[in-house]
1. Go through the stretch A:1-31 and count every residue that is crowded, with 24+ Cβ neighbours inside 10 Å and either out of contact with any His (no Cβ under 9 Å at 6 or more places or on another chain) or modelled with pLDDT under 95 (or both).
2. Return yes or no: is A:Ala111 part of a helix (DSSP H, G or I), at the interface with chain B (Cβ under 9 Å from one of its Cβ atoms) and either free of Cβ contacts under 8 Å to residues at least 24 places away in the same chain or of a type in the set (Gly, Ala, Ser) (or both)?
3. Considering only residues that are touching a residue at least 24 places away in the same chain (Cβ under 8 Å) and part of a loop (DSSP other than H, G, I, E, B), which ones fall in the stretch B:114-148?
4. Can you find even one residue in the stretch B:17-27 that is within 10 Å of chain A (Cβ to nearest Cβ) and closer than 22 Å to B:Pro139 by Cα?
5. Does B:Glu19 satisfy the condition of being under 28 Å from B:Ala111 (Cα atoms) and either touching a helix residue (DSSP H, G or I) at 6+ places or on another chain (Cβ under 9 Å) or not hydroxyl-bearing (Ser, Thr, Tyr) (or both)?
6. Please state which of the following conditions A:Gln122 fails to meet, knowing it meets all the rest: (1) touching a Gly at 6+ places or on another chain (Cβ under 8 Å); (2) more than 10 Å from chain B (Cβ to nearest Cβ).
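The values are calculated or read from the model by the stated rules, or taken from the named source; none is laboratory data. As the structure is a computational prediction, the values presented were derived from the model and not from experiment. Cβ: placed from backbone, ideal geometry, glycine included. Neighbour counts: every protein chain shown.
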Protein chains: 2
Amino acid sequence: MRVLGVDPGLTRCGVGVVEGVAGRPLTMLGVGVVRTPADAELGLRLVAVEQGIERWLDEYRPEFVAVERVFSQHNVRTVMGTAQASAVAMLCAARRGIPVALHTPSEVKAAVTGSGRADKAQVGAMVTRLLRLDAPPRPADAADALALAICHIWRAPAQNRLQQAVALHAAKAPTTSKGRTA
Amino acid sequence: MRVLGVDPGLTRCGVGVVEGVAGRPLTMLGVGVVRTPADAELGLRLVAVEQGIERWLDEYRPEFVAVERVFSQHNVRTVMGTAQASAVAMLCAARRGIPVALHTPSEVKAAVTGSGRADKAQVGAMVTRLLRLDAPPRPADAADALALAICHIWRAPAQNRLQQAVALHAAKAPTTSKGRTA
């Protein structure tokens, strides 16, 4: 199973691709960050995020995309950009019929460290160990993206297969409607 | 000047196209709602919003897109969907080099009714009058989209022209970068 993890953000959007199955050693295929300039117009930053995510999907052809679930309790300024970047990532995946899963930060932390309240350093250390890397990926957004992918792989495989079938089917049948006058 | 106003939402995304210039009677070219089923997966709903917005851009070729600015103070469940739908609308416009302007709900209300605290009925009544319609557009999201377009037209025309030039220029020069290891 090949999973692209996305830690959404407008300034830094972490991306990481992990391959493997639950119960076996996992392999990192790629990790990086899609960046957009903070002084650019919002619409153009979203276009840049889209172009970045598209390149990762083109290059790695993941079977699943795992995105961090965004909560609006967080910092007001940051959360809107995070929600918007996550929307672009989900859109890119769904357009290709790739199933999208959302995992909360605490689900991800619990999956890789055993504790939902682990700190960044702990997550980075476990990602390094689980993927047999020489050093923790930098920046933290990149490590978080890998942790998301790992978390997704460790979910019930049967559930993933079902979700994949549903997403492929739904992508073939668009779900929009429109009314108009004049 | 032709403006597509977008009142973003996942369940109902209001869209309205208004043509005209400040100080002259305005004309409504189209109004409607892009709907997505509440029980569909989030990624697919975003794809449906994208398809809907693209159709409106194809059909009306607006020179500007005006989107309601989303604040995270609102209802927690709703605001994330609104932020995500608005991201898709901004993305669709920016991808085509169409400048995107954000207006707050109170700016829009003040523009069309004279009061930033006007209610839905007042906004609907003024939109009906300003566009010389027979009845207020329904649902309220559709009327709000028209009010956004009107608000945008009434801003300083020179500022709009500058923004248009910048957006076209920036759309030609992508603003993404990517790092990767392994």
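1. First pass over the stretch A:1-31, keeping only residues crowded, with 24+ Cβ neighbours inside 10 Å: A:3-8, A:10, A:13-18, A:31.
With either out of contact with any His (no Cβ under 9 Å at 6 or more places or on another chain) or modelled with pLDDT under 95 (or both) added as a condition, the list becomes A:4, A:6-8, A:10, A:13-17, A:31.
Result for the stretch A:1-31: 11.
2. Details: part of a helix (DSSP H, G or I): yes; at the interface with chain B (Cβ under 9 Å from one of its Cβ atoms): no; either free of Cβ contacts under 8 Å to residues at least 24 places away in the same chain or of a type in the set (Gly, Ala, Ser) (or both): yes.
When the stated conditions are applied, A:Ala111 does not pass them.
3. Scanning the stretch B:114-148 gives B:Leu131, B:Arg132, B:Leu133, B:Pro137, B:Pro139.
4. As a first pass, look at the stretch B:17-27 and keep what is within 10 Å of chain A (Cβ to nearest Cβ): B:17, B:27.
With the extra rule that they be closer than 22 Å to B:Pro139 by Cα, the set shrinks to B:17, B:27.
The answer is yes, given that some residue of the stretch B:17-27 is within 10 Å of chain A (Cβ to nearest Cβ) and closer than 22 Å to B:Pro139 by Cα.
5. Details: under 28 Å from B:Ala111 (Cα atoms): yes; either touching a helix residue (DSSP H, G or I) at 6+ places or on another chain (Cβ under 9 Å) or not hydroxyl-bearing (Ser, Thr, Tyr) (or both): yes.
Considered against the rule, which asks whether it is under 28 Å from B:Ala111 (Cα atoms) and either touching a helix residue (DSSP H, G or I) at 6+ places or on another chain (Cβ under 9 Å) or not hydroxyl-bearing (Ser, Thr, Tyr) (or both), B:Glu19 comes out as yes.
6. Unmet for A:Gln122, out of (1) touching a Gly at 6+ places or on another chain (Cβ under 8 Å); (2) more than 10 Å from chain B (Cβ to nearest Cβ): (1).
One line per residue, one yes/no per condition, for (1) facing another protein chain (nearest Cβ under 7 Å); (2) closer than 22 Å to B:Leu42 by Cα; (3) among the charged types (D, E, K, R):
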{"site": "A:Gly30", "(1), (2), (3)": "yes, no, no"}
{"site": "A:Val33", "(1), (2), (3)": "yes, no, no"}
{"site": "A:Ala38", "(1), (2), (3)": "no, no, no"}
{"site": "A:Phe64", "(1), (2), (3)": "no, yes, no"}
{"site": "A:Cys92", "(1), (2), (3)": "no, yes, no"}
